[in-house]
Each structure stands twice: as structure tokens, then as C-alpha cells.
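The values are calculated or read from the model by the stated rules, or taken from the named source; none is laboratory data. These numbers come from a predicted model, not from an experiment. Here the Cβ is made from the backbone with ideal geometry for all residues, glycine too, and neighbour counts use every protein chain on show.
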Amino acid sequence: MRLDKYISDSTPYSRKEIKKLIKYGAITVNGIIAARPEMQVTENDSVAIDGEDVSYAKYVYLILNKPQGYISATEDKHYPVVTELVSEEYLHYNVFPVGRLDIDTEGLLILTNDGAFDHAVTSPKKNVYKRYFARLDKPVEPEDIDVFAEGMTFKEFTAKPARLEICENPNEAYVEIAEGKFHQVKRMFERVGKTVTYLKRVSIGGLTLPDGLEPGEVMEFDENELKLLIFGNQEFI
Ligand code: URA
């Protein structure tokens with residue numbers, strides 16, 4: 001790839017800024033001052049700006065503890081969006097949320113710029129179960145477990161069998177679903193006559209929201225570790 005692409009993929013610098021840095025002799029490739037933005041480099045070359053190594057990163061994977069009040073989008077006319085919680089360091093990667101949580105739902109949300117990963121996590125075919133903690137206006141009943149386990153048909157889709165666990169406080173439950181359709185958990189509880197008053201996603205596959213990650217906080221996650229936790233050893237894409 002071109003040197004300026006390598007750097008713009010991996011740093012906040014724009015192509016214009018990179019051109020200037022090259023002009024000032026601030027960029028080296030394998031220790032030699034680079035002369036042209038079009039110079040061809042590979043991921044194995046050692047690129048540095050002012051002596052600082054720039055490792056090539058095409059994709060980035062972030063996890064956010066989404067607070068209430070934010071829309072799972074990159075822009076919105078009326079409400080704050082989750083990418084506003086992402087620092088400059090990562091914004092230039094053009095990350096977007098993987099799937100959607102409602103504005104009033106909290107918890108685990110992945111942000112990435114890897115479209116194939118996004119597709120695999122959200123595709124019902126991959127059977128990546130998402131686990132939610134829900135608080136309800138009424139106690140959940142043991143019969144509800146069977147209703148969830150049978151799967152549910154809605155106007156635009158049929159939900160696969162969902163796992164429902166009632167907590168010690170019967171107004172609270174954990175539910176695991178394979179899809180992530182619009183208001184799915186809320187609609188499933190509505191089907192059994194309950195209203196969700198609070199909803200938080202706690203895991204996606206084997207990836208669990210870290211204890212210390214406060215609402216609004218973002219952390220970077222290692223790509224291989226993330227894929228292993230979410231897809232296990234199944235062939236990914
Ligand atoms: N189901 C819902 O109803 N809302 C969410 O935010 C996620 C799943």
C-alpha cells in the first residue's frame with residue numbers, strides 16, 4: 001500500500017498532514033527518510049514519525065459500557081451518539097457500533113471499523129447469543145421460560161429459542177437471544193405480559209462486560225482474543 005495510506009489508517013493524521021510530515025523529513029521507513037507519500041510499503045515495514053514507531057492497524061475493536069441517553073449510531077440530529085464517547089485516538093478509524101442497543105439500554109457495545117466482523121456478530125446464522133439483564137414491572141413466571149424457549153414469531157422475523165433465567169428477585173431476569181432485532185427483548189417480554197423497565201446487555205458470546213468498565217467508558221480489545229471469545233473456535237467468516 002502507499003505510505004500515506006499506511007499512516008492514515010493507523011494514526012489521526014490526514015493525507016495532507018502526512019504530505020507535510022514527509023516534506024519535513026519527519027517520516028522514516030526502515031530507518032531511511034521517506035521522500036514520497038506514494039512510496040509503497042507493507043505491514044512488515046517499520047514506519048516511524050519523529051522516531052516513534054507506527055504499527056499498522058487496519059481494524060480496531062473497542063468495547064463500550066453504553067450509558068442510557070445515547071443512540072447506537074455515528075450521527076443523529078436529536079440525540080448524543082455512542083461515537084461521541086470514543087476518544088480522538090480511535091475516532092479516525094471511523095468506528096461504528098456492532099448492532100444496536102436502544103437509547104435507554106445500557107451495557108456492552110462493540111465498536112469497530114471491521115464490516116465483516118460486524119456482519120458475523122449480528123447475523124443470526126452465526127448463533128452468537130447476546131445476554132441481557134432485565135428488570136420487569138411484574139414477576140417473571142416459570143411458564144415464561146418455556147414460551148421463550150419455544151422461539152417467538154413476530155411480524156418481520158421469528159426469534160430463535162431464547163434462554164430465560166429468573167433471578168432471586170422474580171422481577172429480574174437474564175435472557176439470551178441469538179438475534180438483535182429492533183426492541184427484541186422488550187417485545188419478547190411484552191408477549192408474556194411484562195414491561196421491561198431496565199435493560200442492560202452483559203455479554204456477547206463469551207465476551208462479558210468487564211467489571212471495572214464504568215458507563216461511558218471505552219477500552220480497546222485485542223482482535224484475536226475478541227474473536228475467540230465471541231466465535232469460539234468456529235470458522236469466522
Ligand atoms: N432488545 C431490546 O429490546 N432493546 C435493546 O436495546 C436490545 C435488545
message = Among the residues that make up the stretch 114-131, is at least one of them in contact (Cβ under 8 Å) with a residue 12 or more places away in the chain, over 18 Å from Leu226 (Cα atoms) and acidic (Asp, Glu)?
response = no
remark   = Here the qualifying pairs (Cβ atoms under 6 Å; residues six or more apart or on different chains; first in the stretch 139-160 and of a type in the set (Phe, Trp, Tyr); second surrounded by 15 or more Cβ atoms within 10 Å (Cβ to Cβ)) come out as Phe148/Ala162; Phe148/Leu164; Phe157/Lys181
query = Where residues in the stretch 66-82 are of a type in the set (Ser, Thr, Tyr) and surrounded by 14 or more Cβ atoms within 10 Å (Cβ to Cβ), which of them is nearest to Thr208 (Cα to Cα)?
reply = Ser72
ask   = Of everything in the stretch 99-131 that's farther than 16 Å from Gly232 by Cα and of a type in the set (S, T, N, Q), which residue is farthest from the ligand (Cβ to nearest atom)?
value = Asn113
message = Condition first: at pLDDT 95 or above, farther than 18 Å from Asp114 by Cα, buried (at least 19 other Cβ atoms within 10 Å of the Cβ) and touching a Phe, Trp or Tyr at 6+ places or on another chain (Cβ under 7 Å). Can you find one or more residues in the stretch 22-30 that meet it?
response = no
ask   = Any idea how many residues of the stretch 144-160 are farther than 14 Å from Glu190 by Cα and either in a helix (DSSP H, G or I) or of a type in the set (Asp, Glu) (or both)?
value = 4
message = Condition first: within 16 Å of the ligand (Cβ to nearest atom) and either part of a helix (DSSP H, G or I) or surrounded by 15 or more Cβ atoms within 10 Å (Cβ to Cβ) (or both). Now tell me which residues in the stretch 161-182 satisfy that.
response = Ala162, Leu164, Glu172, Ala173, Tyr174, Val175, Glu176, Ile177, Ala178, Glu179, Gly180, Lys181
note = Scanning the stretch 54-63 residue by residue, those under 16 Å from Pro12 (Cβ atoms) and either among the charged types (D, E, K, R) or outside any loop (DSSP other than H, G, I, E, B) (or both) turn out to be Val54, Lys58, Leu62
query = When the stretch 104-121 is examined, which residues are found to be crowded, with 17+ Cβ neighbours inside 10 Å and either part of a strand (DSSP E or B) or not charged (D, E, K, R) (or both)?
reply = Thr105, Glu106, Gly107, Leu108, Leu109, Ile110, Leu111, Thr112, Asn113, Phe117, Ala120, Val121
task = Evaluate the following for Asp9: is it outside any loop (DSSP other than H, G, I, E, B), touching a strand residue (DSSP E or B) at 6+ places or on another chain (Cβ under 9 Å) and at pLDDT below 95?
result = no
note = Scanning the stretch 183-197 for residues that are under 29 Å from Leu62 (Cα atoms) and more than 11 Å from the ligand (Cβ to nearest atom) gives Thr197
message = Could you tell me how many of the residues in the stretch 183-199 are under 16 Å from Leu101 (Cβ atoms) and assigned to a loop (DSSP other than H, G, I, E, B)?
response = 1
